[in-house]
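Here is the structure we will look at.
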Amino acid sequence: MVVDPCEKCEELIQPYLDRELTDVEKVEAEAHLDSCSYCRKRYTFEASLRRYVRTAWTEPMPVELKAKLSALRTPL
Amino acid sequence: MSEAQPETDARKIAEDARDRVRFEEEVLELSDQVYRVARRLVPTREEAEDLVQDTYARAFRSWRSYTPGTNLRAWLFRILTNLNIDRGRKQQRTPDLQPMEEGDYYLYNRLEESGAGEDEARVVERLSQDSIVDALASVPHNYRDVVVLVDIGDFSYADAAQILDVPIGTVMSRLHRGRRILKQSLAESAVAEAS
């Protein structure tokens, strides 16, 4: 059975972004991304979505909470 | 020779105290990451703060169960996710999921349809920050835990498997499914915002 290269690439994009592919799979994914503008567009989208989700609306940790955590330490 | 050796005992106590202080300092250095992940695991800021405090209280209490030289970050996040799972068991049940037929590119396709010709990297900017937060909250917690650990906590599949005490294949399938649910929810809110 012949596997559609774009379908195969769709399977590889997520683990590629997660840095979980083997060296062989990585080369395979990169070769396809270099030659296929359809998959490259989707790769760019997935990568930017990932960055966007990672940074979405994260307020810094409240300083009071930091102080509370330090207070939980075992007294010397 | 069975007599106690005060010098040796004193040295041992001092070494123990030094190890504990070092452990506590290293654990506290991770607090921003713990808070960031906790903030996405539970719906409100108050719950996240409680979860983080409980995590640190337990970590400090059970510091001896940590083996020096092993992955401290994974050890600490395991406490966090276990506490959150216990909390989840008390408060909620995972709802039954509707079958999803759409592929990984569903969100991309929906956004592309509503903004032809736009640069792929900028398409996501049309999603509001609130919609991402809401979409993540809508992912059932089994799947959300994995998505948050890998996408926000930046853990490897193997570390996430160790933290959640599930096989690596389960991490991969929950991640796949969780991301699809997230993207489907984002697509729905993007369509709703556009209309």
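The values are calculated or read from the model by the stated rules, or taken from the named source; none is laboratory data. What you see is a predicted model, and the numbers here were worked out from it, not measured in a lab. Neighbour counts run over all protein chains shown; Cβ positions are idealised from the backbone, glycine included. Heads up: the accessible areas ignore ligands, DNA and RNA and are worked out on the full protein's heavy atoms, side chains in. Shrake-Rupley method; radii C 1.70, N 1.55, O 1.52, S 1.80 Å.
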Checklist entry - Can you list the HN-Hα couplings for segment B:71-87, worked out from phi with the Karplus curve (6.51, -1.76, 1.60; θ = phi - 60°), rounded to whole Hz and with x for Gly and Pro? => result 6, 5, 4, 5, 4, 5, 6, 5, 4, 4, 6, 5, 4, 5, 5, 4, 5
Item to check | Summed buried accessible surface, chains B and A, 1.4 Å probe, nearest 100 Å² | outcome: 4200
Checklist outcome for this item: Heavy-atom accessible area of residue A:74, protein chains in place, probe 1.4 angstrom, given in Å² to nearest 10, is 60
Checklist outcome for this item: Inter-chain shielding metric for A:35-48, i.e. average beta-carbon neighbours from other chains within 10 angstrom, reads 4
Item to check | Neighbour-limited loop hits for chymotrypsin sites (Phe, Trp or Tyr not before Pro), segment A:1-58 (at most 14 other Cβ within 10 Å; DSSP other than H, G, I, E, B) | outcome: A:57
Checklist entry - Other chains' Cβ within 10 Å of B:173-185 residues: what's the mean? => result 1
Checklist outcome for this item: In whole Hz, the Karplus estimates of ³J(HN,Hα) for segment B:139-148 (6.51, -1.76, 1.60; θ = phi - 60°; x where Gly or Pro) are 7, x, 4, 4, 7, 4, 3, 5, 4, 5
Item to check | Calculated [θ] (222 nm, deg cm²/dmol) that DSSP helices of n ≥ 4 give over the protein assembly as shown, each run adding -39,500 (n - 2.57) | outcome: -22500 deg cm²/dmol
Checklist outcome for this item: Going residue by residue through segment B:154-159, the Karplus relation 6.51 cos²θ - 1.76 cosθ + 1.60 with θ = phi - 60° gives ³J(HN,Hα) values, rounded to whole Hz and with x marking Gly or Pro, of 6, 7, 6, 4, 5, 5
Next on the checklist: For A:26, B:12, give me the order by solvent-accessible area with a 1.4 Å probe, most accessible first, ignoring ligands, DNA and RNA.
Outcome noted: B:12, A:26
Checklist entry - On average, how many beta carbons from a partner chain sit within 10 Å of the beta carbon of a residue in A:9-19? => result 3
Next on the checklist: So if I place +1 on the C-beta of Lys and Arg and -1 on the C-beta of Asp and Glu, and nothing else carries charge, what would the dipole magnitude of the protein assembly as shown be about its Cα centre? I want it in debye, nearest 20.
Outcome noted: 800
Checklist outcome for this item: By the C-alpha gyration tensor axes a ≥ b ≥ c (rounded if a/c is under 1.5, else prolate when a/b exceeds b/c, else oblate), the shape of the protein assembly as shown is prolate
Item to check | Distant-in-sequence amide H partners of residue B:71 (H built 1.01 Å from N, under 5 Å) | outcome: none
